[in-house]
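Here the structure is laid out as structure tokens; the discussion comes afterwards.
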Amino acid sequence: MKKLLLVFACSVGVIALLGYASGHGRLSPRGLGTALLVLCIAIGATVVFISKKSGKEFSAAPGPSGTSIDADAHKQLLWRIRMAKITVATMGIALGLGLIHIREFPLSALLVGLVMNLVITARAIQTILRLQKHLRAGSEAK
């Protein structure tokens, strides 16, 4: 989790630096777009790499059927469910705000944003359902 926080903090710093350079004429609009595209790909690849690497380490799924989960794993499951619900709510608000400004931006940019929003929301909902299933399975075993 700390590694992801570091990735996001560094990416915000790079985005601010790119905005500063673009605002002072040192970076053309095409260069800004290219740099942001490369940055987004790098952030995505880094997040996937970190998530896959630490996924095994932080899995809180119950063991074989009939075994219960301990108190720490139960707290972790509840926290992860809460974070996924916050993600769904945030993405819903972002979708609404994006749809308000639908005529102000090019259609291609809006479609990309819409698809990304819906994919992230769908994945967060799948995560909530999966974690709730693990939570119920671990609670029933007690």
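The values are calculated or read from the model by the stated rules, or taken from the named source; none is laboratory data. Since we're looking at a predicted model, the values are computed, not measured. Positions of Cβ are generated from backbone atoms using ideal geometry, with glycine treated the same way; all protein chains shown enter the neighbour counts.
What to note about this one:
- Candidates G31, G25, G19: the one that is modelled with pLDDT of 80 or more, more than 22 Å from L129 (Cα to Cα) and not in a helix (DSSP H, G or I) is G25.
- So S54, is it out of contact with any Leu (no Cβ under 6 Å at 6 or more places or on another chain), within 30 Å of Q76 (Cα to Cα) and either outside the structural domain of G113 (by TED's automatic domain parsing) or surrounded by fewer than 12 Cβ atoms within 10 Å (Cβ to Cβ) (or both): yes
- Filter result for the condition that a residue is within 26 Å of H74 (Cα to Cα), of a type in the set (A, V, I, L, M) and either part of a helix (DSSP H, G or I) or in contact with a Gly (Cβ under 7 Å, 6 or more places away or on another chain) (or both), over I125, I93: I125
- The set of residues from segment 1-51 being of a type in the set (S, T, N, Q) and either surrounded by fewer than 13 Cβ atoms within 10 Å (Cβ to Cβ) or in contact (Cβ under 8 Å) with a residue 40 or more places away in the chain (or both) comprises S28, T34, S51.
- The set of residues in segment 88-127 being among the β-branched types (V, I, T) and either surrounded by fewer than 11 Cβ atoms within 10 Å (Cβ to Cβ) or under 19 Å from C40 (Cα atoms) (or both) consists of I93, I100, I102, V112, V115, V119, I120, T121.
- Near pairs, Cβ below 8 angstrom, 6+ apart or cross-chain, from segment 118-142 (without any contact (Cβ under 8 Å) to a residue 24 or more places away in the chain) to any residue that is part of a helix (DSSP H, G or I): L118/L95
- Within segment 94-124, the set of residues being under 22 Å from R80 (Cβ atoms) and not polar (S, T, N, Q) comprises A94, M116, L118, V119, I120, A122, R123, A124.
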